[in-house]
Amino acid sequence: MTAPASTLPESRPGAGASSGIPRAAAVPARAKPRLRALDGLRLVAALMVAAYHYGGRDGEIAQAWGSSPRLQFPTASEWFAYGCLGVQIFFVISGFVICMSGWGRPLRSFFASRASRLLPSYWAAILLVTAVFALPAVAYDAVSPSDALVNLSMLQQPLGADRVLGVCWTLWAELRFYALFALCVVLPGASRARVVLFCAVWTLAAALTEAADQPLLDLVLMPEYAPFFIGGIGVYLLHRDRRDLTAWGIVGVSWLIGQHYAVAGLWHAPDPDFFSYRSSAVIIAVVTAGFAAVLLIALGHLDRVDWRWLTVAGALTYPFYLVHEHLGWVAVEALHQGLGLPSYATLGLTVAAMLVLAWLLNRYVEGWLTPAIRKGLLTARGRP
């Protein structure tokens, strides 16, 4: 999960090219402050994931409903099962945003931006979920105090600790992407040639890693997620210059590989022992729609989708994503089994409650802690 950049390097691809000013340094006369359609797409992806967690799978959510979600949503559950693909859409958006925010930025500033964006709501979500699950009235087990503390580092997965948040596996993938991009692009200085080389080398190395079956390389290069991050980077190159044929090639190859991994990971032959059966055609269609939506936004075709409330939606997406799954179990059980509300009413109220909680986290945690962390990281000086 990433935050949208507050400003764009230029209002349109190629701005300032005729003036002799380097593209990265050009200052447009009318810079668009935010890609609000991207905020909207981020919210759509988050709601897809929420639909999957509430009605598209079994597990703890079945305990919250009191029965399988297939019985709660006889028709919708098979469609909710595709909601997990919202994560792949997030990764495409992340590739776009990280390339945009890292372009022309020194490593220290890039690190401060990412840390100050990710950590405040993450820390709050860890503490909140741990505290709620420790309540006697809550039927779900909290992790051990030691593991809860390790979770604050965001390194619980490689360290083998139990996860407080089920969705944090995606943050581990994001962190690895940030590290690769920072070392290979931000540290030496972003340029089109360097970004293209990064995309090409990562794509080939990820494919070789898959063939070599080496766990360490797989951990670093993430073959199953790399095409989505790389595709988003290619889309950003097209945002800068839509005539860039190499960038079109990056996006096309990434889409081809990405749909392969999505189908390989989610498709199976019809089997009554599985919760759901996902059609390979629908999986491909959802992945394609995700790539296409980010591409349309990048090329300016959705500039008219510029409603101010989308900025708020974008700000709420990350904290909503963090808290919705585990606290959603508690809300569903209280509303459906405790108060006897119908399934769809419970679903709607649970989503609304998680959005309200996300707003509180954004306003009272991120609003205070994000600028404080950023300022502290940017102004800190090493001591002899």
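The values are calculated or read from the model by the stated rules, or taken from the named source; none is laboratory data. Values in this document were obtained by computation on a predicted structure and should not be read as measured data. As a convention, Cβ positions derive from the backbone with ideal geometry for all residues, glycine included, and neighbour counts pool all protein chains shown. Remember, those area values only see protein heavy atoms, side chains included, never the ligands or the DNA or RNA. Shrake-Rupley method; radii C 1.70, N 1.55, O 1.52, S 1.80 Å.
Tabulated values for the structure
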read-out	value
Calculated [θ] (222 nm, deg cm²/dmol) that DSSP helices of n ≥ 4 give over the chain, each run adding -39,500 (n - 2.57)	-20500 deg cm²/dmol
Rounded D (µm²/s) - the chain, Kirkwood Rh over Cα pairs, Stokes-Einstein at 4 °C, 1.567 mPa s	59
With Cα atoms, 0 to 90° folded angle of helix 36-55 axis to the chain main axis	30
Viscosity 1.567 mPa s, temperature 4 °C, Stokes-Einstein D of region 21-177 from Kirkwood C-alpha radius, µm²/s	70
FRET efficiency, residue 337 to residue 368 (Cβ-Cβ, R0 45 Å, nearest 0.05)	0.80
Full-stretch length increase - residue 267, residue 299 - with 0.36 nm per residue and alpha-carbon distance subtracted	8.3 nm
Pairwise FRET efficiency - residue 68 versus residue 144, Cβ, R0 = 41 Å, nearest 0.05	0.85
Accessible area of residue 347 in the full protein assembly, 1.4 Å probe (Å², nearest 10)	30
Euclidean distance between Cα centres, region 256-317 to region 161-232, Å	20
Residue 243-residue 282 FRET efficiency (beta carbon distance; Förster radius 22 Å; 0.05 resolution)	0.10
Anisotropy class of region 295-384 from Cα gyration tensor, a/c 1.5 cut	oblate
With at most 11 other Cβ atoms within 10 Å, longest stretch of the chain clear of loop trypsin sites (Lys or Arg not before Pro) (DSSP)	31-242
Theoretical gain in end-to-end length, residue 175 to residue 312 [0.36 nm per residue, Cα-Cα removed]	46.9 nm
Full-extension gain in nm, residue 183 to residue 379, via 0.36 nm per residue minus C-alpha separation	68.4 nm
Overall Cα dimensions of region 245-349, principal axis frame, Å, largest first	58, 45, 20
Virtual spin-label span in nm between residue 208 and residue 292, 7 Å along Cα→Cβ	3.5
Packing rank of 214-226, 251-263, 91-103, where each peptide gets the mean count of other beta carbons within 10 Å, highest leading	91-103, 251-263, 214-226
The chain, relative contact order in percent, only Cα pairs under 8 angstrom and at least six apart counted	27
Nearest-ten-degree value, helix 86-102 long axis tilted from longest Cα axis of the chain	30
Convex hull projection area averaged over all views, region 128-209, Cα basis, nm²	7.3
